[in-house]
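No lab work stands behind these numbers, since they all come straight from the coordinates. As the structure is a prediction and not an experimental result, all values here were calculated from the model. Counting neighbours? That spans all protein chains shown, and the Cβs are built from the backbone with ideal geometry, glycine included.
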Amino acid sequence: MSRTDPLRHIPRPPRPSALSNALTFGWRAVLKFRHVPEQLFDLVMTPLMFTLLFTFVFGGALAGSTGDYLQFFLPGILVQTVAFNAVYSGMGLSTDLGKGLFDRFRSLPIWPLSPFAGLIVGDLLRHLIAGAIILGIGLTLGYRPEAGPPGVVAAFLLLLVIGFGLGWVFIVLGLLIRTPTTVMTLGFTVLFPVVFASNIMVQPETMPDWLRAFVAVNPVSLMTTAMRGLMAGTATAADIAQALLAPALLTALLAPLTLWLYRRR
Amino acid sequence: MPDSTTTDLTAQAQTAAAPAIRTRGLVKRFGAFEAVAGIDLEVPRGMIFAILGPNGAGKTTLMRMLATLARPDAGTAEVMGHDLATRPDEVRASIAMTGQFASLDEDLTGRENLVFLARLWGFGRQAARRRADELFAAFELTDARHRQVKDYSGGMRRRLDIAASLIVTPGVLFLDEPTTGLDPTARQGVWRMIRRLSRSGVTVLLTTQYLEEADQLAERIAVIDRGRKIAEGTSRELKAATGSGFLHVTLAEAAQLDRAAALLEERLAMPVQRSPEGARLSVMARTPEAATAALGALAAEGLGLEDFAMGAPSLEEVFFALTGTPAPQTEDAP
Ligand SMILES: Nc1ncnc2c1ncn2[C@@H]1O[C@H](COP(=O)(O)OP(=O)(O)OP(=O)(O)O)[C@@H](O)[C@H]1O
Ligand SMILES: [Mg+2]
């Protein structure tokens, strides 16, 4: 310990901007991705199994042929993928909070929301990668987006916005619940009904009236409809606006709540 | 301490004179339970100050309040002249805390952890790397810097965690049990580091499970128990205040231990400590006369002694006498 004296008073750099703090956290998220590529496995396996099972087991019965079903099902499974991914992100936050890492962040003079900016960057990256893998598998199996690459790009942009909005739900759960597995259980308990009672897997025509009424207003259905429309080139402005409603509302409500929960001590 | 984030010169002049830490009646409740029940503390700048107390005394809670991680329910506190309640950001800019539990990202390499924190403090990319490497050299971790933290040993992790608090030199460094789990060599290393920091003007507030550590390192010690400060002073003052000495007796027959302990307790009106390994009892005696009388009483009861001695109390015995709790850690002081 004699070569350099790291304990001398080194000149302090000027306080960085909120944006710089947020980007630094984003960089950490990217690094984590490099170090733990296994996490992709968690993210991709569930939607992959759903895609394969639904297409080949139920596809013929539900849509006449597996090819037709895949065409119907794939945009929706992307929404489901993003929703499930968000649960893992909430678990990650709950784990980090339990470890004292966030204590370090909270005792630093930084923009208080920047740790969450990093979390969100990581989430968006995960959504993008998982979405691309599912789409790639879909394309291999015969899925064809009628609107071509521009449609796919537009759909993925919408997907990221959806992921961003849903992300807040699980950030809040992660902040509230100390046990990561409880975050997961609770997350899936909330998600399963909204994901299944939607138009992702089946057309709602055969459902009882009360359920059909729910499916029609279920934000997941609205998102799925818009995703299908964008991929097929048939989306209306109203479709997109309806799909954006829930993410916008969630962000407006939960981002301030996140800050409040985080600063509460 | 010059602080580039503070530009207001009058504010700087005001804060320059204040002690590093000053608290008045600090309280933290969890439900109806008072974890910290009104603590007054004054820590001058540049001092190494130890907080000693049994498990659950409120040490961590007190420190977390001072590091802006927990909000006091009552009382006031200033850190480096900044009010905790109204100026938390200024407080954060002048402190660093290494908590009881590691606050590192296990998935990243050691170097990435430090570069990341340096970037948060505002260092440019190059400067951040340089600073990280300096700290790695100083903490003798250079060989491990490209390994993921999850592959570090407990001692390496602890050192990295402390290094992470020194990216910029803090005005006050909070160390919650900085050497718990370290081997004696690593512990000495951390002690050297703490002394050097203190010489360069950093105020260090530490909690410890090792009485030896407080004895060796700290200029002043506050003993807290059940959320209250029950004593404060230098190690020597604490020992002097506890009493003139301790009577240590070794019984000839271990079977008579209980009777002897009861008798000593009755005679000297002080709690008796038993050595874990055998027939030795220690008890505080207010005066040598009291000790002699107690020894006489043992003899009168037919309780034979193998050996007895009067000695100054160790800090451990001070701790016991003050808190009525056996010292938290006895077997592995270096
Ligand atoms: N978040 C919390 N909720 C409820 N009770 C708490 C909380 N944090 C601490 N306590 C309680 O407050 C008391 C003081 O805890 P604290 O962690 O400050 O003790 P400590 O002196 O640091 O103990 P140790 O030596 O074991 O680290 C304990 O009884 C503990 O159970
Ligand atoms: Mg503690």
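Quick check of the Kirkwood formula: for the stretch B:29-93, what is the inverse mean of 1/r over all pairs of different Cα atoms, in Å?
Result for the stretch B:29-93 stands at 12.8 Å.
Considering Cα pairs under 8 angstrom that are at least six residues apart, work out the relative contact order of the stretch B:18-238 and quote it in whole percent.
Relative contact order comes out at 29 percent.
Grab every C-alpha pair in the stretch B:193-320, bin the distances at 5 angstrom width from 0 up to the longest one, and report whole percents.
With 5 Å bins starting at 0, P(r) equals 2, 10, 18, 19, 15, 12, 10, 7, 4, 3, 1, 0.
Give me the percent of Cα-Cα pairs in the stretch B:18-238 that sit more than 32 Å apart, rounded to a whole number. Spell out each step's value before the answer.
Details: 4062 of 24310 pairs.
Here the tail beyond 32 Å accounts for 17 percent of pairs.
With just the Cα atoms of the stretch A:1-123, tell me how far they stretch along each of the three principal axes, in Å, largest first.
Computed over the stretch A:1-123, the largest-to-smallest principal extents equal 74, 30, 23 Å.
For the stretch A:40-91, what class follows from the C-alpha gyration tensor (a ≥ b ≥ c being the square roots of its eigenvalues): rounded when a/c is under 1.5, otherwise prolate if a/b is larger than b/c, else oblate? Numbers along the way, then the final one.
Values: a/c = 3.57, a/b = 2.44, b/c = 1.46.
In terms of gyration-tensor shape, prolate.
Just round it to a whole percent: the fraction of Cα-Cα distances in the protein assembly as shown exceeding 46 Å. Write down the numbers at each step before the final one.
Values: 61433 of 179101 pairs.
Here the tail beyond 46 Å accounts for 34 percent of pairs.
Please state, as a whole number in µm²/s, the translational diffusion coefficient that the Stokes-Einstein equation yields for the stretch B:243-312 at 37 °C and 0.692 mPa s, with Rh defined as the Kirkwood radius across alpha carbon pairs.
D, rounded to a whole number, is 282 µm²/s.
Once label points are set 7 Å from the Cα along Cα→Cβ at both A:Ala216 and A:Leu125, what is their separation, rounded to one decimal in nm?
Label-label distance for A:Ala216 and A:Leu125, simple model: 4.3 nm.
Looking only at the stretch B:51-95, which residues have a backbone nitrogen under 17 Å from a spot 7 Å from the Cα of A:Arg264 in the C-beta direction?
What the label zone holds, given the 17 Å backbone N cut-off, is B:69-73.
Mind putting a number on the dipole of chain B about its Cα centre? Charges go on the C-beta only, +1 for Lys and Arg and -1 for Asp and Glu, and I need it in Debye to the nearest 20.
Taking the Cα centre of chain B as origin, the dipole is about 1220 debye.
If I model a spin label at B:Thr234 and B:Ala85 as a point 7 Å from the Cα along the Cα→Cβ vector, what separation in nanometres do I get?
According to this spin-label approximation, the distance is 3.6 nm.
For an R0 of 41 angstrom, estimate the FRET efficiency from the Cβ-Cβ distance between B:Asp143 and B:Arg199 and round to the nearest 0.05.
Working from the Cβ atoms, E equals 0.90.
Report the normalised scattering of chain A as log10 I(q)/I(0) at q = 0.08, 0.14, 0.17 Å⁻¹, calculated by the Debye formula with identical scatterers on the alpha carbons.
-0.37, -0.98, -1.36
Starting from the Cα of A:Ala255, move 7 Å in the Cα-to-Cβ direction to define the label point; list residues of the stretch A:100-123 whose amide nitrogen is under 15 Å from there.
From the stretch A:100-123, the list is A:112-121.
What is the magnitude of the charge dipole of the stretch B:243-312 about its Cα centre, with +1 placed on the Cβ of each Lys and Arg, -1 on the Cβ of each Asp and Glu, and no other charges, expressed in debye to the nearest 20?
Dipole of the stretch B:243-312, to the nearest 20 debye: 180 debye.
Considering the options B:Gly99, B:Ala218, B:Gln126, tell which one lies farthest towards the positive end of the dipole of the stretch B:18-238, charges being +1 on Lys and Arg and -1 on Asp and Glu at the Cβ, about the Cα centre.
B:Gln126
Restricting attention to the alpha-carbon atoms of the stretch A:92-212, what are Rg (one decimal) and Dmax (integer), both in Å?
For the stretch A:92-212, the Cα radius of gyration and maximum Cα-Cα distance read 18.3, 57 Å.
Can you find, among A:Leu173, A:Leu23, A:Ala255, the residue farthest towards the positive end of the dipole of the protein assembly as shown? Put +1 on the C-beta of Lys and Arg, -1 on that of Asp and Glu.
So the residue we want is A:Leu23.
Treating only the Cβ atoms of Lys and Arg (+1) and Asp and Glu (-1) as charged, compute the dipole magnitude of the stretch A:95-174 about its Cα centre; round to the nearest 20 debye.
The calculated dipole for the stretch A:95-174 is roughly 140 debye.
So how do A:223-230, A:143-150, A:128-135 stack up, highest first, on mean other-Cβ count within 10 Å?
The densest-packed peptide leads the list: A:223-230, A:128-135, A:143-150.
Taking B:Lys229 as the anchor, which lysines have their alpha carbon closer than 25 Å to its alpha carbon, excluding any fewer than eight residues away along the same chain?
B:Lys28, B:Lys59, B:Lys239
Of B:Ala137, B:Leu160, B:Leu205, which is farthest on the positive side of the dipole of the stretch B:18-238, counting Cα position, with +1 on Lys and Arg Cβ, -1 on Asp and Glu Cβ, and the Cα centre as origin?
B:Ala137
If r is the Cβ-Cβ distance from A:Thr182 to A:Leu157 and R0 is 35 Å, what FRET efficiency results, to the nearest 0.05?
Computed FRET efficiency for A:Thr182 and A:Leu157 comes out at 0.60.
Where a ≥ b ≥ c are the square roots of the eigenvalues of the C-alpha gyration tensor, would you call the stretch B:146-245 rounded, which needs a/c under 1.5, or, failing that, prolate if a/b is larger than b/c, or oblate?
Verdict is prolate for the stretch B:146-245.
What is the distance, in nm, between label points placed 7 Å from the Cα along the Cα-to-Cβ direction at A:Leu53 and at B:Ala252?
That separation, rounded to one decimal, is 8.1 nm.
Would you mind getting me the FRET efficiency between A:Arg144 and A:Ser65? Use the beta-carbon distance for r and R0 = 22 Å, nearest 0.05.
Values: r = 14 Å, r/R0 = 0.62.
With a Förster radius of 22 Å, E is 0.95.
Using only the alpha carbon atoms of the stretch A:197-257, find the Kirkwood hydrodynamic radius as the inverse mean reciprocal pair distance, in angstroms to one decimal.
Kirkwood hydrodynamic radius for the stretch A:197-257: 12.4 Å.
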